[in-house]
1. Of the conditions (1) under 10 Å from the mean Cα position of the chain (by Cα); (2) open to solvent by less than 20 Å² (accessible area, probe 1.4 Å), Y78 clears all except one; give me its number.
2. Out of the residues in the range 88-111 that are open to solvent by less than 40 Å² (accessible area, probe 1.4 Å) and small (G, A, S), which is farthest from L17 (Cα to Cα)?
3. On the basis of being open to solvent by less than 70 Å² (accessible area, probe 1.4 Å) and either more than 21 Å from G14 (Cβ to Cβ) or without any contact (Cβ under 8 Å) to a residue 60 or more places away in the chain (or both), does N85 make the cut?
4. Among the residues of the range 36-46, is any more than 14 Å from the chain's Cα centre (by Cα), at pLDDT 95 or above, surrounded by fewer than 13 Cβ atoms within 10 Å (Cβ to Cβ) and assigned to a strand (DSSP E or B)?
5. Can you tell me which residues in the range 1-35 are in contact with a strand residue (DSSP E or B) (Cβ under 6 Å, 6 or more places away or on another chain), open to solvent by 60 Å² or more (accessible area, probe 1.4 Å) and within 15 Å of Y93 (Cβ to Cβ)?
6. Identify all residues within the range 62-75 that are at pLDDT below 95 and either surrounded by fewer than 15 Cβ atoms within 10 Å (Cβ to Cβ) or among the acidic types (D, E) (or both); write none if there are none.
7. For the range 62-115, which residues satisfy the criterion of being of a type in the set (A, V, I, L, M) and in a loop (DSSP other than H, G, I, E, B)?
Amino acid sequence: VQLQASGGGLVQAGGSLRLSCAASRSIFSNNVMGWYRQAPGKQRELIATITSAGRTNVADSVKGRFTISRDNTKNTVYLQMNSLNPEDTAVYYCNTPVDAIRGLWGQGTQVTVSS
């Protein structure tokens, strides 16, 4: 499974963006979905997950600013990002944890936060 994230862009510090990621029903309905990011010169990191039942987990680095959600009717997972700062600049990806472990990645979306 290779998922494509969308919704990135250039935003000023303090601004907001909402990322989206659509998947097929067969993949989406039975899987934990995750948002990852890779900043320049750094390893890719997991920043948020959501189970099929809607239970969420968010990394400390983005807690209180980022919210993960899913719309099961649209087979889409979202990442609402508020209070962005330049350290959030990265390529953002959505994926299932299984495919992340397998090293299978789709196209990410670039988020650039200017100071």
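The values are calculated or read from the model by the stated rules, or taken from the named source; none is laboratory data. Quantities reported herein were computed from a predicted structural model and do not represent experimental measurements. When we count neighbours, we look across all protein chains shown, and the Cβ atoms used for this are built from the backbone with ideal geometry, even at glycine. The protein model used for the area step is the full one, side chains on, heavy atoms only, and it has no ligands, DNA or RNA in it. Shrake-Rupley method; radii C 1.70, N 1.55, O 1.52, S 1.80 Å.
1. (2)
2. Per the criteria, the residue is A100.
3. Working: open to solvent by less than 70 Å² (accessible area, probe 1.4 Å): yes; either more than 21 Å from G14 (Cβ to Cβ) or without any contact (Cβ under 8 Å) to a residue 60 or more places away in the chain (or both): no.
No; evaluated as a whole, the condition is false for this residue.
4. Scanning the range 36-46, I find no residue that is more than 14 Å from the chain's Cα centre (by Cα), at pLDDT 95 or above, surrounded by fewer than 13 Cβ atoms within 10 Å (Cβ to Cβ) and assigned to a strand (DSSP E or B), so the answer is no.
5. Across the range 1-35, the qualifying residue is only A22.
6. D71, N72, T73, K74 - these are the residues of the range 62-75 that are at pLDDT below 95 and either surrounded by fewer than 15 Cβ atoms within 10 Å (Cβ to Cβ) or among the acidic types (D, E) (or both).
7. V62, L84, L104
For (1) small (G, A, S); (2) in contact with a Gly (Cβ under 7 Å, 6 or more places away or on another chain); (3) in contact (Cβ under 8 Å) with a residue 12 or more places away in the chain, each residue gets a yes or a no:
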{"residue": "A23", "(1), (2), (3)": "yes, no, yes"}
{"residue": "V62", "(1), (2), (3)": "no, no, yes"}
{"residue": "A90", "(1), (2), (3)": "yes, no, yes"}
{"residue": "N95", "(1), (2), (3)": "no, yes, yes"}
